[in-house]
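All remarks here apply to the structure that follows.
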2 protein chains.
Amino acid sequence: MSKNKTQLNLLNKTLNIARNSKFYKSKLQGFPLELKNILELQNFPFTTKKELRDCYPFGALAVPINDVVELHTSSGTTGKAALSFLTKEDLKNSSKAIAKAWKCFGITKSSRVQFMMSYGLFSGATLNTYAIQELGGFVVPAGIQSAEKQIQMMLDFKIDTIVGTVGYYFYLFDYIKEKQIPLEQFSLKCGIMAGEIYSDKVRSEIERKFKIKIFDHYGLCEVNTGIAYECEFRTGLHFLDNYVLPEIIDPENGKVLPVDNEGELVLTTLKKNALPLIRYRTGDITSIKSGRCPCGRSSIRINRIKRRVDDIIFIKGIKIDPYELKEYLLEIAGDNIFSDIKIRVGNSFENYSPEILVSLKNPSSTNLLSVIQKTLKEKTLLTFDVKHISRDYFQRGENNKVKFVEYVDKK
Amino acid sequence: MSKNKTQLNLLNKTLNIARNSKFYKSKLQGFPLELKNILELQNFPFTTKKELRDCYPFGALAVPINDVVELHTSSGTTGKAALSFLTKEDLKNSSKAIAKAWKCFGITKSSRVQFMMSYGLFSGATLNTYAIQELGGFVVPAGIQSAEKQIQMMLDFKIDTIVGTVGYYFYLFDYIKEKQIPLEQFSLKCGIMAGEIYSDKVRSEIERKFKIKIFDHYGLCEVNTGIAYECEFRTGLHFLDNYVLPEIIDPENGKVLPVDNEGELVLTTLKKNALPLIRYRTGDITSIKSGRCPCGRSSIRINRIKRRVDDIIFIKGIKIDPYELKEYLLEIAGDNIFSDIKIRVGNSFENYSPEILVSLKNPSSTNLLSVIQKTLKEKTLLTFDVKHISRDYFQRGENNKVKFVEYVDKK
């Protein structure tokens, strides 16, 4: 059966299952029960995060709760986090699907993987662990531990692959350097860096520091974690397109965009029974890549995620892409600041400068702060209040992720 | 096949597998390759925690590391934690075995279980989760979260069963009371309270507070978590005796003790491939119960764990059982202190009184401290320095466990 035909079959099955939920039963009323062509999906309505929140906790559940065996949630702190319910079959399907990604990263029966992200409610660590075990790989579920313990385990168990967020790689490297542990003592070959958006430049820096190859992995809790992954050629991310179907839309008008056009990634699950999602708007900006990957895989590819739809911020009427801003900052400050950075924007902008919080490696060099301020002013026309803040300030949040853009009330 | 015959077969298989490890190959040299009777196990040498530490990390591993897919460790902070390696088959076997315990607690396909212990390296949460899912139950892997979030999830997902440590149940109840959340809003029916030794009195108190039934569950990381569990009659803990074989020995001379005699629990695994253990000394004091349980299960039963071998402390020449001391304390102070208590003993006792740290519910009632001191003096002949300490002091450590007896250097 052709890939398209397989996808169409899975899609029709999913549309059918979705209608078992209260949410989709009402939402999909009047829409065709069966598609003849996968392109007809474009006529279906989007699903938004807000809608899922509004029918929290069980409104989008498409199976009896008795069939559910596992729950994961996004890191939402309000209790209205995004949910991912899984049946036994969902667990099996996700393990098999995601295992494809890990196989692509080079994981085999003899690999030793240390997972440095939190277990429990976070789907990433748990579901990827199942996927690696599907391939027979050995997983050390380190979770959130001290740098000392993480490094001890890497050495003790001769770990060849580590998984963590960008900030954590930098943090670990600083620790290794501070403790003067020779890199030769490690057996590391490869790292998966996920959970945050990062540039090729940042990636190269970490590869240079650790002397390993870094792969990107994209996913989100709502679709049961990682669904797109890089192969050795790193020409975009291969989609698990028999598991989740991607589309790219214009975030303004919702129209589907042709390949190579940048827009918002929209996902339709193909093998989720407990909580299928139809045209779910991710808020992540990317494009579907044309052409074939030299690796020979025929799956749909997307470019690495550049930014989020809602990350574009307007400050005093000026449109700012915070990820571009971060790139500027790292260019200007080079090796003199750590990569965790926070942009603080006031909710009222009248007499208030936006702030940028960075950790200087040499806190006495206040001159750098004014250089950054001056250069950003030239580039953006905005005067940022650039402040040094202790690095400890950034070591918090689930999986050590730092909220990059923060809105604050300031009177 | 009779149970004894099954156990003998599994035991012989285990002895055979164990010899694949460097550690047991040398340790079991000269001992019979095959037992004709299960009682011959008594001639085999014990395995101690120290021995396992000495051959850390791979010395006791009985399969090629390539066959291992998961690692768990005890909460040791030194990097020399007790290890539990698992192959794919081990994972399957442990899920099936431990599922028996959860079935006994009343867990079915329609149960909703919230696990309030840390995931990741700790084997308890992960392996019990697999076991509950084996029965089709729904697991919320809450892990370590704020009380607010734990309670929100219990309410949102209509949780009927919670799992946590003793101290955490008390902590949660205080939170519920403080926030004035009516107990009727919960769907709770049952709680599993594990990871710490606690008395029947403490159990009754929690049952009264939450209006649920509490079950005990015994296990340890080295044998892949929970291996003995209570049934509805709660006349001792049923052993998963086709998974792990218990013996009771005199901790002084190592002789096997008859049923109903209190001594140290010694364990031999019967279905572990990656890291089989032969006659592992647990340090936990209990006895094997004679007679039959009214529930009809024919498995070996042990009494609830009373204390640990190494918990007996000598202070100024006087032998103190800290768990008995805790009972005294709770008797004397009743509802006026929290159940987390710490006994601090100096490493040098010359001019130094042992300390007892408790949190008073009404910190201005210092009179209670002197009453405790006076009564303990009568009971133990020792003068304890009884101090009130902020309750926050106890909220720490993996799974919120508090180190009950602490040795401190004091000059």
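The values are calculated or read from the model by the stated rules, or taken from the named source; none is laboratory data. On a predicted model such as this, the values are computed, not experimentally measured, just so you know. Backbone-built Cβ (ideal geometry, glycine too); neighbour counts: all protein chains shown. In case anyone asks, the SASA skips ligands and DNA or RNA and just uses the protein heavy atoms, side chains included. Shrake-Rupley method; radii C 1.70, N 1.55, O 1.52, S 1.80 Å.
Structure above, values below:
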| quantity | calculated |
| --- | --- |
| Matching residues, segment A:52-71, being under 23 Å from A:LEU10 (Cβ atoms) and at pLDDT 95 or above | A:ALA60, A:LEU61, A:ALA62, A:VAL63, A:PRO64, A:ASP67, A:VAL68, A:VAL69, A:GLU70 |
| Qualifying residue in segment A:291-313 (condition: open to solvent by 10 Å² or more (accessible area, probe 1.4 Å), closer than 30 Å to A:LYS377 by Cα and in a strand (DSSP E or B)) | yes |
| Pair list, Cβ under 8 Å, 6 or more apart: segment A:175-187 residue of a type in the set (Ser, Thr, Tyr), other residue exposed (fewer than 14 other Cβ atoms within 10 Å of the Cβ) | A:TYR175/A:GLU148 |
| Qualifying positions in segment B:277-290 - more than 13 Å from the chain's Cα centre (by Cα) and closer than 27 Å to B:GLU324 by Cα | B:TYR280, B:ARG281, B:SER287, B:ILE288, B:LYS289, B:SER290 |
| Residue match in segment A:174-182 (condition: closer than 18 Å to A:GLY219 by Cβ and within 14 Å of chain B (Cβ to nearest Cβ)) | no |
| Only one of A:GLY124, A:GLY143, A:GLY167 that is of a type in the set (Gly, Ala, Ser), touching a Ser or Thr at 6+ places or on another chain (Cβ under 8 Å) and under 23 Å from B:SER74 (Cβ atoms) | A:GLY143 |
| Selected residue [over 18 Å from the mean Cα position of the chain (by Cα) and among the hydrophobic types (A, V, I, L, M, F, W, C)] from B:ILE343, B:ILE305 | B:ILE343 |
| Residue check for B:LEU39: touching a strand residue (DSSP E or B) at 6+ places or on another chain (Cβ under 9 Å), more than 10 Å from every other protein chain (Cβ to nearest Cβ) and without any contact (Cβ under 8 Å) to a residue 40 or more places away in the chain | yes |
| Elements of type helices (runs of 4 or more DSSP H) contained in segment A:143-228, each with 1 or more residues being farther than 19 Å from B:LEU71 by Cα | A:166-178, A:200-210 |
| Sole exception among (1) open to solvent by less than 10 Å² (accessible area, probe 1.4 Å); (2) on the phi > 0 side of the Ramachandran plot for B:VAL223, by number | (2) |
| Checking A:TYR24 against (1) more than 14 Å from chain B (Cβ to nearest Cβ); (2) open to solvent by 10 Å² or more (accessible area, probe 1.4 Å), the condition it does not meet | (2) |
| Selection within segment A:238-265 - charged (D, E, K, R) and either in a strand (DSSP E or B) or open to solvent by 10 Å² or more (accessible area, probe 1.4 Å) (or both) | A:GLU247, A:ASP250, A:GLU252, A:LYS255, A:ASP260, A:GLU262, A:GLU264 |
| Sole exception among (1) under 16 Å from the mean Cα position of the chain (by Cα); (2) open to solvent by 10 Å² or more (accessible area, probe 1.4 Å); (3) not basic (Lys, Arg) for B:GLU230, by number | (2) |
| Residues of segment B:320-341 satisfying the condition of being in contact (Cβ under 8 Å) with a residue 40 or more places away in the chain and either open to solvent by less than 30 Å² (accessible area, probe 1.4 Å) or part of a strand (DSSP E or B) (or both) | B:ILE320, B:PRO322, B:LEU325, B:LEU329, B:LEU330, B:SER339, B:ASP340, B:ILE341 |
| Unique residue being farther than 21 Å from A:LEU86 by Cα, of a type in the set (S, T, N, Q) and within 12 Å of chain A (Cβ to nearest Cβ) when the list is B:SER74, B:SER123 | B:SER123 |
| Among the residues listed as B:VAL68, B:VAL63, the single one being facing chain A (nearest Cβ under 8 Å), touching a residue at least 40 places away in the same chain (Cβ under 8 Å) and not small (Gly, Ala, Ser) | B:VAL68 |
| Residues being touching a residue at least 24 places away in the same chain (Cβ under 8 Å), at the interface with chain B (Cβ under 9 Å from one of its Cβ atoms) and open to solvent by less than 30 Å² (accessible area, probe 1.4 Å) - total across segment A:127-149 | 10 |
| Residue match in segment B:80-91 (condition: over 23 Å from A:TYR130 (Cβ atoms), out of contact with any Leu (no Cβ under 8 Å at 6 or more places or on another chain) and either of a type in the set (D, E, K, R) or away from chain A (no Cβ under 12 Å) (or both)) | yes |
| Filter pass, A:THR6 being over 24 Å from A:TYR130 (Cβ atoms) and either touching a helix residue (DSSP H, G or I) at 6+ places or on another chain (Cβ under 7 Å) or of a type in the set (Val, Ile, Thr) (or both) | no |
| Options A:THR235, A:THR268: the member that is crowded, with 22+ Cβ neighbours inside 10 Å and either β-branched (Val, Ile, Thr) or at pLDDT below 95 (or both) | A:THR268 |
| Lone qualifier among B:LYS49, B:LYS96 - being more than 14 Å from chain A (Cβ to nearest Cβ), without any contact (Cβ under 8 Å) to a residue 60 or more places away in the chain, under 22 Å from the mean Cα position of the chain (by Cα) and open to solvent by 30 Å² or more (accessible area, probe 1.4 Å) | B:LYS96 |
| Matching residues in segment B:99-126 - criterion: being within 19 Å of B:GLU232 (Cα to Cα) and either polar (S, T, N, Q) or open to solvent by 10 Å² or more (accessible area, probe 1.4 Å) (or both) | B:LYS100, B:LYS103, B:CYS104, B:PHE105, B:GLY106, B:THR108, B:LYS109, B:SER110, B:SER111, B:ARG112 |
| Which numbered condition B:LYS179 misses (of (1) surrounded by fewer than 20 Cβ atoms within 10 Å (Cβ to Cβ); (2) in contact with an Asp or Glu (Cβ under 9 Å, 6 or more places away or on another chain); (3) within 24 Å of B:ILE38 (Cα to Cα)) | (3) |
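Okay, residues lined up against (1) farther than 23 Å from B:SER118 by Cα; (2) open to solvent by 70 Å² or more (accessible area, probe 1.4 Å):
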position	(1), (2)
B:ILE38	yes, no
B:PHE58	yes, no
B:VAL68	no, no
B:ALA81	no, no
B:SER84	no, no
B:LYS88	no, yes
